[in-house]
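Worksheet for the structure shown next.
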Amino acid sequence: MQPLIVVIGGGAAGFFGAIAAAQAHPYTQVIILEASHQPLAKVRVSGGGRCNVTHACFEPAALVQNYPRGGKALRGAFTRFQSRDTVNWFAAQGVKLKTEADGRMFPVTDDSATIVDCLMEKAIALGIEIYQGAAVVSVKKLDSVTSRFEIQLKSGEIITCDRILLATGSNKVGHHIAETLGHHIESPVPSLFTFNILDQELRALAGVSADTVRLRLSVGSHKLEQTGSLLITHWGLSGPAVLKLSAWGARMLYDEKYHATLTINWLPQSNPEDIRQKLLTVKTEWAKRAIALHCPVELPRRLWQYLVSRVNLSSEDRWSGVSHKSLNQLVQELTQGQYLIQGKGVFKEEFVTCGGVSLKEVDFKTMESRLCRGIYFAGEILDIDGITGGFNFQSAWTTAWLAGQAMGVV
């Protein structure tokens, strides 16, 4: 009888793991059980419909720095399958990736359907059976000698198999299955989200962005910093710098019910004294100009006018009338402006969580459970999450490939 490998979850990790298993162990039968009627749905909507496949970071030691949780465990894994391997794998299937200025990598088609079709076609070509609408209710280990399992579907059907790859993402069903097999689940909480700031004048600037800011997040007794671009939105703040902070501070922010203080340095490439001197020069040379209409620093005009208003200067005030006290307040606002975070938003259609199966219970050489022989894990079901930029997909490809390589039945 042909050995059977069952992959529970038809997302990126599930398909990649199934493909890796079928290629490494051609004598086995591989099937994918997907609860919904649309496999790879998250891949299809990711990256605004373009699919941010990976990131152009090709050194494992540097790559792991982009994972708030799981970086240490992934260090060895990335020496075996990392971003360059992902690029080469897709190239071998005829899918070329391109690198954007910030390091994110997308298919040259700028269409996530290219990635979806590639994975679907490869799976079918390898003889992998894909079951849609096949929701799993439970998994039971039959005996400890042969490591065979019984999977019960919602339809009532029962499947007996030799190996299982759990690749259910952050779905509670996957966590429940892992728990029934003896695993501890680190409590899932949101990661990668925007900050709600209840300042109507700030929100009125929705669409205005700043290329480089330095953010300092104060959550309880914790402090975190990030530098990058920032986008003002209808609900507060977004952009890469904010999303990175939300990832690193995910658990702290959750514990504080998403209430925190954000300090923004809008001009991190200049020191406060240089900014003060620049303002003093303008005060002398452009004394009769209105402050709000003459911006001496590299900021969008509307943002400058908003920051001026935060130190109680009106748009009609002239530079000549600005007191030294107001000038100092303006320097403070430009370099250490404080904003109260009072909730979180979401990041487009992409939902990332931190939390999942405890990494101590998984062998990262094979992705096999240390507690239940024959069970393997890949993707977001694990307590691994990366910052935005293709890192979450990369951990999915890596863990899935490792699992697929190791799932042979002796």
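The values are calculated or read from the model by the stated rules, or taken from the named source; none is laboratory data. Remember, predicted model here, so these are calculated numbers, not experimental data. Note that we place each Cβ from the backbone using ideal geometry, even for glycine, and neighbour counts take in every protein chain shown. Ligands, DNA and RNA are excluded from the accessible area calculation, which covers all protein heavy atoms including side chains. Shrake-Rupley method; radii C 1.70, N 1.55, O 1.52, S 1.80 Å.
Mean-square fluctuations from a GNM of the chain, with a 10 angstrom spring cutoff on Cα atoms, peak among Pro26, Pro107, Pro190 at Pro26.
Computed over protein heavy atoms with a 1.4 Å probe, the carbon and sulfur contribution to the accessible area of the chain reaches 50%. Restricting the calculation to alpha carbons of the chain gives Rg and Dmax of 25.4, 90 angstrom. The GNM of the chain, with springs linking C-alpha atoms under 10 angstrom apart, assigns the highest mean-square fluctuation among Tyr27, Tyr258, Tyr376 to Tyr27. Listed peptides 204-210, 12-18, 222-228 appear in the order 12-18, 222-228, 204-210 once ranked by packing, highest mean of other Cβ atoms within 10 Å at the front.
Highest-first packing order for the peptide set 37-45, 309-317 is 37-45, 309-317, based on the mean count of other beta carbon atoms within 10 Å. In angstrom, the C-alpha Rg and Dmax of region 113-225 are 22.7, 67. Which entries of Lys98/Lys172; Lys257/Lys360; Lys98/Lys360; Lys141/Lys365; Lys98/Lys223 have Cα-Cα distances beyond 30 Å here? Distance filter (> 30 Å) returns Lys98/Lys172; Lys98/Lys360; Lys98/Lys223.
Seen from Leu202, the other residues with C-beta closer than 15 Å to its C-beta sum to a net charge of 0, counting Lys and Arg as +1 and Asp and Glu as -1. Average accessible surface for the chain: 44 Å² per residue, computed with a 1.4 Å probe over protein heavy atoms with every protein chain in place.
At q = 0.22, 0.23 Å⁻¹, what base-10 log of I(q)/I(0) does the Debye formula yield for region 1-120 when every alpha carbon is treated as an equal point scatterer in vacuo? So the normalised log intensities are -1.36, -1.39. Could you give the distance between the Cα centres of region 203-254 and region 67-87, to the whole Å? About 26 Å separates the Cα centre of region 203-254 from the one of region 67-87. Estimated purely from DSSP H runs of n ≥ 4, each contributing -39500 (n - 2.57), the mean residue ellipticity at 222 nm for the chain is -10000 deg cm²/dmol once divided by its residues. DSSP beta bridges fully contained in the chain are about 75 percent antiparallel. In the elastic network of the chain, a GNM with C-alpha springs shorter than 10 Å, the most mobile of Asp385, Asp102, Asp162 is Asp102. Between helix 324-336 and the chain there is an angle of about 10 degrees, using the helix long axis and the longest principal axis of the Cα atoms. Total lysine pairs in region 277-359 at Cα distances under 29 Å, for residues eight or more apart or on different chains: 4.
Each peptide among 321-328, 60-67 gets the average number of other Cβ atoms lying within 10 Å of its residues, and from highest to lowest they stand as 60-67, 321-328.
With the Kirkwood sum run over all distinct C-alpha pairs, region 35-190 has a hydrodynamic radius of 18.2 Å.
For the chain, find the longest principal axis of its Cα atoms and tell me its angle to the long axis of helix 71-80, 0 to 90°, nearest 10. So the helix axis and the longest Cα principal axis differ by about 60 degrees.
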